[in-house]
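The values are calculated or read from the model by the stated rules, or taken from the named source; none is laboratory data. Keep in mind the model is a prediction, meaning the values are calculated, not measured. Positions of Cβ are generated from backbone atoms using ideal geometry, with glycine treated the same way; all protein chains shown enter the neighbour counts. All accessible areas refer to the heavy atoms of the entire protein, side chains included, with ligands and DNA or RNA removed. Shrake-Rupley method; radii C 1.70, N 1.55, O 1.52, S 1.80 Å.
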Amino acid sequence: MVSTIQFHTYTVEEFLTLDLPEGQEYELINGVITPISEPSGEHENLRSGLMVELTLESRRSKLGLLIHPKPVMQLGKRDTRKPDLIAINRESWNRQTQPEAVLKEPPSVVIEIVSTNWEEDYRNKPLWYAAFGVSELWIIDPLFTIARYPKRKNPKIQEPTISVGKLVSSPSILVEREYEFESFTGSDRIKSQFFPDLAIAVEQIIAFGEGV
């Protein structure tokens, strides 16, 4: 779990001008500077492998999507997030990042890789990204840390799983939009509205974690 380093609050504009300690990445959550947990090597291997795969698919299918790791997204006046990966229209990226590499409009796809803070990935992030207007959310749960932290996993996930959520109108009076998820395991191929011809199975994506 992440822990805050202080209780003074900042706006995003103030946060982006701060001279923070090097060697650590941060997000602004409700105005509070919050360090991001260091990922495992498997986590980074998976992210890198998937970034390459989606970049090649975008070029092959001429989708016009750029794949970027850990961009700064401004969700509100006092909130930023740095998702593992995004897929974003090339023109939107170039237009938004000319002054500085901060996204104030949603990308097409956000991809998050679950580690030990599974509650945040499954409960909080879908709410944040839906409110921001991200059209599609991937939650990749590779279960890399289950041997070391057997109790730090979603009890509903029994094998490596990728859940793809499509943004829809919510029937709830509490939120305007939410994700409608479909989950994939094993030899299932991922179904994505933004990568309609993507021919890769869950097990192949999970194997990226081993550098395969």
P39 versus (1) assigned to a strand (DSSP E or B); (2) open to solvent by 10 Å² or more (accessible area, probe 1.4 Å): which is the lone unmet condition? (1)
What pairs come out if I take residues in region 37-64 that are among the charged types (D, E, K, R) and pair them with residues that are assigned to a loop (DSSP other than H, G, I, E, B) and at pLDDT 95 or above whose C-beta lies under 6 Å away, six or more apart or interchain? R47/D84; E57/F195; E57/L198
Got at least one residue in region 129-138 being modelled with pLDDT under 95, more than 14 Å from M73 (Cα to Cα) and aromatic (F, W, Y)? no
Taking region 146-171 as the region of interest, how many residues are in a loop (DSSP other than H, G, I, E, B) and either open to solvent by 50 Å² or more (accessible area, probe 1.4 Å) or at positive phi (or both)? 12
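Yes/no matrix, rows are residues, columns are (1) modelled with pLDDT under 95; (2) farther than 27 Å from P196 by Cα:
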| site | (1), (2) |
| --- | --- |
| Q6 | yes, yes |
| E14 | no, yes |
| T34 | yes, yes |
| S37 | yes, yes |
| L50 | no, no |
| T55 | no, no |
| P69 | no, no |
| M73 | no, no |
| L85 | no, no |
Inter-residue pairs, beta-carbon under 7 Å, first under 20 Å from A131 (Cα atoms) and in a loop (DSSP other than H, G, I, E, B) and in region 177-196, second at pLDDT 95 or above and among the hydroxyl-bearing types (S, T, Y), 6+ apart: F194/S108
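Answer yes or no as to whether A130 is in contact (Cβ under 8 Å) with a residue 24 or more places away in the chain and small (G, A, S).
yes
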Which one of these is open to solvent by less than 70 Å² (accessible area, probe 1.4 Å) and among the hydrophobic types (A, V, I, L, M, F, W, C): L28, L56? L28
Quick count over region 42-72, residues being assigned to a loop (DSSP other than H, G, I, E, B) and under 13 Å from the mean Cα position of the chain (by Cα), is 2
